[in-house]
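K.L.:
My structure is below; once you've seen it, I'll send some questions.
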Amino acid sequence: SALLGRLQFEITGSLTEPILITCSTAEDYEKCLFYLQKPEKILDPLTLQPPPIIPKKTRQH
């Protein structure tokens, strides 16, 4: 949160050391939070296709 007029927040997680982010303007602060909370949409649409359908094996009588 932006406390005492500081536009800072910390990114923490189990896979990285904490990272302190400092923004110079309130607009930058809001943009950073917006993009961090936004679902990732960078994926290539070609990779979002469903996997190919594999025919089910049938028993031979």
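The values are calculated or read from the model by the stated rules, or taken from the named source; none is laboratory data. Fair warning: this is a prediction, and the values are worked out from it, not measured in the lab. Positions of Cβ are generated from backbone atoms using ideal geometry, with glycine treated the same way; all protein chains shown enter the neighbour counts.
K.L.:
Whether any residue in the range 1-10 is surrounded by fewer than 10 Cβ atoms within 10 Å (Cβ to Cβ), of a type in the set (Gly, Ala, Ser), at pLDDT below 70 and touching a Phe, Trp or Tyr at 6+ places or on another chain (Cβ under 9 Å) is what I want to check.
P.N.:
Yes; the residues of the range 1-10 include at least one that is surrounded by fewer than 10 Cβ atoms within 10 Å (Cβ to Cβ), of a type in the set (Gly, Ala, Ser), at pLDDT below 70 and touching a Phe, Trp or Tyr at 6+ places or on another chain (Cβ under 9 Å).
K.L.:
Being among the aliphatic types (A, V, I, L, M) and assigned to a helix (DSSP H, G or I) is the filter; apply it to the range 12-47 and report the residue that is modelled with the lowest pLDDT.
P.N.:
Applying the filter and picking the extreme gives Leu46.
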